[in-house]
C-alpha cells in the first residue's frame, strides 16, 4: 500500500482524501463484521466455558466499531453499501464455525485476526504524520486484534478439524471483503 503523500501517487491512484475514505469505510465494515462474527459465536457458545472470552473480544470489537462509526461521520465518509450483507455473513460465519465446535470458532478468530493484522499494518505504514492520531488508533486496535488471535491459539484453534483449510478459506474471504468494502 503506497504512502498517502503526493510524490508516491501514480496516475489513476486515489488522492489522499479518497484513500482515507477507503481506509475508514473498510475499517468500519471490518469491525462491524467482526462484531457480528462474535455475536454468531456467542449465540451458539455463549453459555459455555468460552462465553466470557468471546464477550471480551466482542466488547473490544464494539469499541473499534464505535470509533470508526464516529470517524466516518466526522469526516463525512459514506459507509460501505455492503453492511446488510456483512450483517448476515458475519453472523453466519460466527455461528457456523461455533456449530463446528469451540476449536473451529477459535480457528475462525485466528484467521480473521491475522487478516486484520496484515490490513492494519499496511494502513499504518501508509499513513503519515498528518494522520498521526488515526495511525496510533489503528496500531492500538491492531494490538487488540493480535490479542484475539493469541486467545484463539491458546484455546485450541490449531486442533480444529481441517484447521488449514478452514483458516485459508476464511482468510481468502476476508481479503475479498476488504477489497469490496473499500470501494462499494
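Per-structure values
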{"read-out": "Peptides 144-151, 31-38 ordered by average Cβ neighbours within 10 Å, highest first", "value": "31-38, 144-151"}
{"read-out": "Separation between Cα centres of region 127-172 and region 49-89, rounded to whole Å", "value": "15 Å"}
{"read-out": "Region 16-56 residues near the modelled residue 63 label - backbone nitrogen below 13 Å, point 7 Å along Cα→Cβ", "value": "56"}
{"read-out": "Gain on full stretching of the segment that runs from residue 172 to residue 88 - 0.36 nm per residue minus C-alpha separation", "value": "28.4 nm"}
{"read-out": "Inverse of mean 1/r across different Cα pairs in region 111-184, Kirkwood, Å", "value": "13.5 Å"}
{"read-out": "Relative contact order, percent, region 15-183 [alpha-carbon distance under 8 Å, six or more residues apart]", "value": "29 percent"}
{"read-out": "R0 of 25 Å, Cβ-Cβ distance residue 121-residue 43: FRET efficiency to nearest 0.05", "value": "0.20"}
{"read-out": "Region 11-64 - Kirkwood radius from inverse mean 1/r over Cα pairs (Å)", "value": "12.7 Å"}
{"read-out": "Distance between modelled label sites at residue 140 and residue 70, nm, 7 Å Cα→Cβ extension", "value": "0.9 nm"}
{"read-out": "Principal-axis tilt of helix 83-99 within the chain, Cα atoms, nearest 10 degrees", "value": "30 degrees"}
{"read-out": "Relative contact order (%) - region 15-111, alpha-carbon pairs under 8 angstrom, separation at least six", "value": "43 percent"}
{"read-out": "Sum of -39500 (n - 2.57) over DSSP H runs of 4+, divided by residues of the chain (222 nm, nearest 500)", "value": "-26500 deg cm²/dmol"}
{"read-out": "Cβ-Cβ FRET estimate between residue 16 and residue 78, R0 fixed at 25 Å, reported to 0.05", "value": "0.90"}
{"read-out": "Most mobile listed residue (21, 98, 169) in the chain, GNM with C-alpha springs under 10 Å", "value": "169"}
{"read-out": "0 to 90° range, to nearest 10: angle between helix 16-45 axis and the chain longest Cα axis", "value": "10 degrees"}
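All of the numbers you see were taken from the coordinates with simple rules; none came from a lab. Model, not experiment: these values are computed from the prediction. FYI the Cβ positions are ideal-geometry reconstructions off the backbone, even for glycines, and counts take in every protein chain you see.
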